[in-house]
Every structure is written in C-alpha cells, then in structure tokens.
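The values are calculated or read from the model by the stated rules, or taken from the named source; none is laboratory data. Since we're looking at a predicted model, the values are computed, not measured. A quick note on method: Cβ atoms are made from the backbone with ideal geometry, for glycine too, and the neighbour counts reach across all protein chains shown. The accessibility values were calculated without ligands, DNA or RNA, using every heavy atom of the protein model including side chains. Shrake-Rupley method; radii C 1.70, N 1.55, O 1.52, S 1.80 Å.
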Amino acid sequence: PDNEDGPDFYTLLLGGTIGMLVATSANHLLMIFVGVEMMSVPSYAMVGFLKGRKLSSEASLKYVIYGAGAAGVMLYGISLLAGMLGTANLPEMAGRLNLILASGAGMADPTVRTVVLAALMVLVGIAFKLSIVPFHFWCPDAFEGASAEVGGFLSVASKAAAFGLLVRFCVALMGHNGPMLTEINFSLGIGLG
C-alpha cells in the first residue's frame, strides 16, 4: 500500500521464488529443507505485509505458528531418514532404501517402520505447503488477511513448487526401477523400458 515498501515487498517475493527453485531442484534433504524454508519465511511476511490491519497480522501469526510446527515435523523426519539410511543425498537414499526393502522383512522390521514414518513426516511438511487436508487450516486465514496479489502468489506459485517437490521426493526415493515403482508398473502392465 505504501510506495516506500515496494523494495521490501519485491525482495520478499524474489526470495520466496528463489526458495521455490532451490526446493524443487535439490538432491539433498537439507537443501530441500532450506528451500522449503526459503519459500515459507517470505510468505509469512508477505501475508502480514498490510500494516495496521488486524486481520492481516493475525493471519500472518497463524501462518507462522502452523508453518513452524510443520517445519519441525519435516526436519525431524529428515533427520530420521538421514540417520537410518546413512545419507541425505536422494539418489544414494534410493539405493539404500531398495537394499532395506529387498531384505524382505517388510513392516515387521523396525528399520522399515522407522523409514516409513520418517518419509511420512517429510511428507507432512510438503502437505502443509500444498494445503492438503488436514494441513490446510492456515489457508482461509492467510488468504483472507493477505492482499489479493499475495493470495494469488501463494495459491499458484507455492502450490506448484510444493507439488514439484512432492513428485521429486517420491520419485527420488523410489529410484528409477525401485521396488514400489516396479510393483505398480507390473500391476498396471506398464514397462519402464
């Protein structure tokens, strides 16, 4: 609303966009987390950018609180994945995950259960950015309190980046011919070539 705030707003917008690019192109779990936070923190500030408007400030505070909780769960999942698989590099993780799943122990093995739980915890952070139920509670308040431009940016750009990250994370963990991907393709009658 104020002309003197223009550079601040565009800096936040550019920072969030760079975070989206980092999150969708990273091959390391910590860089994925840094990218997610780089796209989240400017979003928190942009939602509350309308000064003197109680609804905007309240929406930003709720968004920050929910975002911090989702980030904590995601970071704990990342630490569990890296600890159980011995690496945080996505291609290496896929190979080690294939070795664990090839042992045939299934969900009876505590290692498999922990890896599945860790992957689900990482998916919680991604689901928060995608606003998938039940992680959508921040959306109505944030979109109501933010300006129309910020609401449009959050509803399109951050969702596209989060979807790209979701696809990248799932495909990277399965590997090119991972057991889950092979089983899905076999049941559908699809060959990977």
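Brief remarks on what is shown
- Entry for the range 87-169 at q = 0.17, 0.20, 0.26 Å⁻¹: log10 I(q)/I(0) = -0.78, -0.93, -1.23, Debye formula applied to identical alpha-carbon scatterers, no solvent contribution.
- Within the chain, the whole DSSP H helices whose Cα atoms reach 24 Å or more along their own axis and whose mean Kyte-Doolittle score is at least 1.6 are 29-47, 110-130.
- Radius of gyration over Kirkwood radius for the chain, both on Cα atoms: the Rg/Rh ratio is 1.06.
- Solvent-accessible area per residue for the range 36-136 (1.4 angstrom probe, square angstrom): 46
- Size of electric dipole in the range 1-153: Cβ of Lys, Arg +1 and of Asp, Glu -1, about Cα centre, debye, nearest 20: 460
- With a Förster radius of 30 Å applied to the C-beta separation of A68 and A148, the computed FRET efficiency comes to 0.70.
- Around the amide H of H28, modelled in the peptide plane, lie the amide H atoms of L90, all under 5 Å away and 5 or more residues distant in sequence or on another chain.
- Annotation: extensible slack from K54 through L30 equals 5.1 nm (criterion: 0.36 nm per residue apart, minus Cα-Cα distance).
- Percent accessible area from carbon and sulfur atoms, the chain, protein chains only, probe 1.4 Å: 70
- Taking each DSSP H run with n ≥ 4 as -39500 (n - 2.57) and averaging over every residue of the chain yields -25000 deg cm²/dmol at 222 nm.
- Listed residues S147, V36, L80: farthest to the positive end of the dipole of the chain (Cβ charges): L80
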